[in-house]
């Protein structure tokens, strides 16, 4: 891949690690942060004072901010990589839209994982709302098992890359692909998004179980039943059920549900140990998107009318104050169920989105 100018929007854990990876891949990388102190410290020391604190970043990363870059700078970059929480995507895109040249559009790549609370929208729909259908149709999404601390140590990592445009998925793959970072392309960005968002909710459930003192049988069961729920919800939404067997699906789910490094798992574990959500969020030190995603997911599940007892239980613990031990017991007391069954009514949300994108015909 030719050397590219890349702007990473977001200097958090994942944004920083991807900036590091891309700079090490010989791209020219700029990393935007809203925090002026972080920008100054990073440029002086090549370290992030808030995330991956012990890591030395390559000299070809320059931090910029706190203001968003102007149109002239945006036009000079080849790739815009969005590594900000889902709740901030709409406002950021709204500000950026007038600065984008549709005739010479940079490659737009999104790595956030979540559902917007106020609208229940996935990022692809947010892009369509703020930037129009033509830009949304070429937006690209990357997801998969990729803890930041392991990426910066060049541990072998593999991810899913998806877009409605095969050529843009291929371009994104070429930008990121390295011997230590393999990319696999696909054409189901909605499934990739749903898998990346939903697995955080099931990681909270698994953390709760571990915090309550349950062991391997329970964890394996929760991961498997979580995958079943994710696939059922995604299929009803209109995603390809096979996407949930991908790196972005079962790969990311397994990792997030089985490692104390996961922020979402940590939230669940501490809930299982009896801490309040308020105390956990005050002291966590970073964003756990599963907490907000659980609220958006509850609305999506209710609208689709699909059974999702694990996801609903997480919502009740987080937002209705239900006791974690009682909810765990309630799940175990459900009547016997058919193990593998996909919904018969599928696809209405995706059909509506495709119509918005002008792809319904």
| Roughly speaking, what is the stretch gain from residue 284 to residue 94, that is 0.36 nm per residue apart minus the C-alpha to C-alpha distance, in nm to one decimal? | 65.5 nm
| request: State, as an integer percentage, the relative contact order of the chain based on alpha-carbon contacts under 8 Å between residues 6 or more apart. | output: 15
| message | Between 0 and 90 degrees, rounded to the nearest ten: what's the tilt of helix 289-304 against the longest Cα principal axis of the chain? | response | 60
| field | Ranked packing of 187-195, 129-137, most packed first, by mean Cβ within 10 Å | value | 187-195, 129-137
| query | Roughly what angle does helix 309-319 make with the longest principal axis of the chain, taking Cα atoms, 0 to 90 degrees, to the nearest 10? | reply | 70
| message | I'd like the orientation of helix 36-45 relative to the chain: the angle between its Cα long axis and the longest Cα principal axis, in ° from 0 to 90, rounded to 10. | response | 70
| task | Equivalent ellipsoid semi-axes for the stretch 247-335, as square roots of 5 times the alpha carbon gyration tensor eigenvalues: give them largest first, rounded to whole Å. | result | 20, 17, 14
| task | Please order 332, 158 by the number of other Cβ within 10 Å, starting at the fewest. | result | 332, 158
| request: Grab the DSSP H runs of the chain that are 4 residues or longer, score each as -39,500 (n - 2.57), total them, divide by all residues and round the 222 nm result to the nearest 500 deg cm²/dmol. | output: -14500 deg cm²/dmol
| said: Is the C-alpha gyration tensor of the stretch 46-97 telling us rounded, prolate or oblate? Criteria: a/c under 1.5 is rounded; beyond that, a/b larger than b/c is prolate, otherwise oblate. | reply: oblate
| field | Spatial separation of Cα centroids for the stretch 278-306 and the stretch 38-112, in angstrom | value | 25
| note | One would report the Cα pair-distance distribution of the stretch 77-131, bin width 10 Å, in %, as 24, 58, 17, 1
| Residue order, fewest to most beta carbons within 10 Å, for 45, 55, 27 | 45, 55, 27
| query | Rounded, prolate or oblate: which one fits the stretch 191-352, using the alpha carbon gyration tensor with axes a ≥ b ≥ c (rounded when a/c is under 1.5, else prolate when a/b beats b/c, else oblate)? | reply | prolate
| How do 141, 176 rank when sorted from fewest to most other Cβ atoms within 10 Å of their own Cβ? | 176, 141
| field | DSSP bridge orientation in the chain - percent antiparallel, rounded to nearest 5 | value | 15
| task | Kindly identify the stretch 114-192 as rounded, prolate or oblate by the Cα gyration tensor criterion: order the square roots of the eigenvalues as a ≥ b ≥ c, call it rounded if a/c is under 1.5, otherwise compare a/b with b/c, prolate if a/b is larger, else oblate. | result | oblate
| task | Could you bin all the Cα-Cα distances of the stretch 184-276 into 10 Å bins starting at 0 and give me the percent of pairs in each, rounded to whole numbers? | result | 20, 47, 26, 7, 0
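Every number in this text was worked out from the coordinates using simple rules, so none of it is lab data. These numbers were taken from a predicted model, which means no experiment stands behind them. Virtual Cβ from ideal backbone geometry, glycine too; neighbours counted across all protein chains shown.
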